[in-house]
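Coordinate-derived values only; no laboratory data. It should be emphasised that the depicted structure is a prediction, and the values quoted were computed from it without experimental measurement. Every residue, glycine as well, gets a Cβ built from its backbone with ideal geometry; the counts of neighbours run over all protein chains shown.
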Amino acid sequence: MKMREELISGALSTRFDELCRVRVPHIAPERFGEAAQFVSEALGNLLDASPEEVKKSSVSLNAPLEWMTSDADCFSSLRALCLGQQQELHKGQHPRLEPFLKSLDASRRDPARRFQLIAERYACPLNFSLPDEDEAREYVLMRLMVQERARLERGSVEAINADDLLLKLNLVAIHASLAPDLRFLDSLNYYYELLPAAWHPQSAQGWLLVSYYALYARALAARI
Amino acid sequence: MRTGILVHSLPAALDIYEEAKRVPGVELFVLVCPAPGDVGFRGLAKQIARLIFKSGRAGSLKLLAGRKVILFQKPLDHPDTLARLEKLKLDVGLHKTGIIYRESTVKAFRSGILNPHIGLLPEYRGRGVMEWAIIEGKPVGVTVFFVDAGIDTGGRVVLREEIQIPHCKSIQETKQYLFNLDALLFRRALELLSSEDFRCAANDASGRRYYVMSNLFQGAVEEIMRRRTMDDRR
C-alpha cells in the first residue's frame, strides 16, 4: 500500500474507533420512542465493533446497476440496510431526473418539502448511488457542504431541519460506502466533527441520526 | 490595456501594482470596493484606519498621489458603481477581493476579471483544492482564468501550471505560498494577454466541485506533506 493510502486508512481507522467506542455508547435507545428497538439493535452492532465485523454485516449494501424498487418506503429500507437485512428489490422504470432537480431547487427554502421529495425518490435508497443520479448527488453534497454547513456554523444545530439534514447524510453515507470519490466520505467526516456529540434530534425521524452513524461506520470500514 | 485591481484595501493592491506596472502597455487603476457589510461611512472609516495603521502606508499614499485609486462606497453590483466602472472603460480586472462577482460586474470589464485560483482547472474547482489534490495524489498547481458567475467554471484559461511545493511543511504554509504568487501570476497573465498571437485555453468545467475539508483529512494531508519533506531531505 502506498504511503498516502496508508495514512488515509490510518486516519479513517482512528475515526472508526472513536465513533464506535466514544460517540455511540452515549446514545440512549429509549429516547427514540417507537424507533427504540431499531436504535438498540443498530447500536448493538456498532458498540466496540471492528471494521471487519461491520464489513461482514454490509452484505445488503451493493451498488445497483439499474433503478430498483421495493415494497418498503425510504425509512424502512434505511433501517433494513443499517441492520444488514436483505430486501426484496425489483427492476423498475428510472424516473426522470430533471423534474426532480427542479422541484428540489424550488424547495430550497422549504426543508420539509425537500425532505419529502428526497424520501419519495429514494424509497429504495441504493438508487442514490446509480451513475445516472450523479447530478442529484452533486446537488445534495453541495447543499450539505455550503448552505447547511454555513447555517450550522453560524448558529446552532436547532436552527436546521434535522430530518432533512440527516436523510441527506444517510444517502451520502450509502454512496460513500460504494464509490471511490473521497468527497462524499469527507462530508460525513466533516459533519461528525460539526454536530454536537450529545445531540439528540427532537424531530419525527430522529433515529436517522443512528442510521447515519451506522452507515458512516460502513463507509469508514470499506476503506480501512 | 486598461487594468483595474479589485481590492478591499489599498495595501492589498501594492504587490500586484508593482508587478503589473512592469508590463508594457498596461495602464493600472486600483479599485477599492467595500467588503460585504462595510458599505457607506463604516467602509470609509475602515479604509482610513488601514491607511494610517497598516504596513505599506508609503506605497498606499504614493498610489493615492498618482490619482490611480478609485474608492467605491457602494457594492460592486450597485448601479452607481457599475456606471462608474463603465466610464472607466477597463479591459481587465484583477481579482483580489473576497467577493463572488455578479454577471453585471464581470461585464463591466471588456475582457473580464482574472482570478488566480490555487488549483488546476478544470479538475479542481471550489474550496480546499490544494489539500484535495494532495490527498488524491495529484499535482498541486495554479490556474489564472476569466471568471463567470459559477464556481470556477469560467471558460477561458490564461495560465495553468503545476507548482512544486517540497519546501512547504503545512497546509497553511502551502496556501500562503500559492496565494503570494498572485502578483507574479497576474503579471505573466497580462504579458500573455498583451501578445498578439495569444489564445486562451478552454476550461470545460468538467471537474468536480470540492468543499472545505474535515479536520480528519487535513491531518492526513499534513502528515503526507511532513513525510514527503523528510523523504526529500534524505
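Using the Kirkwood radius built from alpha carbon pairs, what does the Stokes-Einstein equation give as D for chain B at 10 °C and 1.306 mPa s, in µm² per second?
Taking Rh from Cα pairs, D becomes 84 µm²/s.
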In region A:59-115, which trypsin sites (Lys or Arg not before Pro) are in a loop and have at most 12 other Cβ atoms within 10 Å, using DSSP for the loop call? A:Arg96, A:Arg108, A:Arg109
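Show me the ranking of peptides B:186-193, B:74-81, B:154-161 by mean Cβ neighbours inside 10 Å, starting with the highest.
Values: B:186-193: 20.9, B:74-81: 16.2, B:154-161: 18.5.
In decreasing order of mean packing, B:186-193, B:74-81, B:154-161 become B:186-193, B:154-161, B:74-81.
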Top mean-square fluctuation among B:Ala58, B:Ala13, B:Ala149, Gaussian network model of chain B, C-alpha springs under 10 Å? B:Ala58
Using alpha carbon coordinates only, what is the Rg to Rh ratio of region A:2-221, with Rh defined as the Kirkwood radius? 0.93
As straight-line cross-link partners of A:Lys102, the qualifying lysines (C-alpha separation under 16 Å, not fewer than 8 residues apart within one chain) are none
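With a cut-off of 8 Å between alpha carbons and a minimum separation of six or more residues, what is the relative contact order of chain A in percent?
Numbers: 265 pairs, mean separation 63.8, N = 224.
Rounded, it is 28 percent for chain A.
In percent, how large is the relative contact order of chain B, given Cα pairs closer than 8 Å and 6 or more residues apart? Walk me through the numbers on the way to the answer.
Details: 415 pairs, mean separation 47.0, N = 234.
So the answer I get is 20 percent.
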Straight-distance crosslink candidates among aspartates and glutamates, where the alpha carbon sits under 15 Å from B:Lys175 and sequence neighbours closer than 8 are dropped: B:Glu131, B:Glu162, B:Glu222
Just name one of A:Pro99, B:Gly150, B:Thr3: the one whose Cα is farthest towards the positive end of the charge dipole of the protein assembly as shown (beta-carbon charges, Lys/Arg +1, Asp/Glu -1). B:Thr3
Mean Cβ count within 10 Å, highest first, over the residues of peptides B:212-221, B:166-175: B:212-221, B:166-175
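Mind checking the alpha-carbon convex hull of region B:116-234 and giving the volume per residue in Å³?
105
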Can you divide the C-alpha Rg of the protein assembly as shown by 2.2 N^0.38 Å and report the result to two decimal places? 1.12
Rounded to the nearest 0.05, what FRET efficiency is calculated for A:Ala197 and B:Ile99 with R0 set to 56 Å and r the Cβ-Cβ distance? 0.95
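Defining a contact as two alpha carbons under 8 Å apart and six or more residues distant in sequence, what relative contact order in percent does region B:116-234 show? Could you put the intermediate results ahead of the total?
On the way: 185 pairs, mean separation 43.3, N = 119.
Rounded, it is 36 percent for region B:116-234.
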Under the 7 Å Cα-to-Cβ spin-label approximation, A:Ala106 and A:Ala36 lie apart by a distance in nanometres of 4.2
For B:Lys74, counting only lysines whose alpha-carbon sits under 18 Å away and dropping same-chain residues fewer than eight positions off, the answer is B:Lys46, B:Lys87, B:Lys96, B:Lys107
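How high is the FRET efficiency between A:Lys56 and B:Gln172 when r is their beta carbon distance and R₀ equals 30 Å, given to the nearest 0.05? Don't jump to the answer; show the numbers that get you there.
On the way: r = 41 Å, r/R0 = 1.36.
It comes out at approximately 0.15.
Please compute the net charge surrounding B:Tyr101, taking Lys and Arg as +1 and Asp and Glu as -1 over other residues with Cβ under 13 Å from its Cβ.
On the way: positive: B:Lys96, B:Arg102, B:Lys107; negative: B:Asp77, B:Glu103, B:Asp148, B:Asp152.
Surrounding charge for B:Tyr101 is -1.
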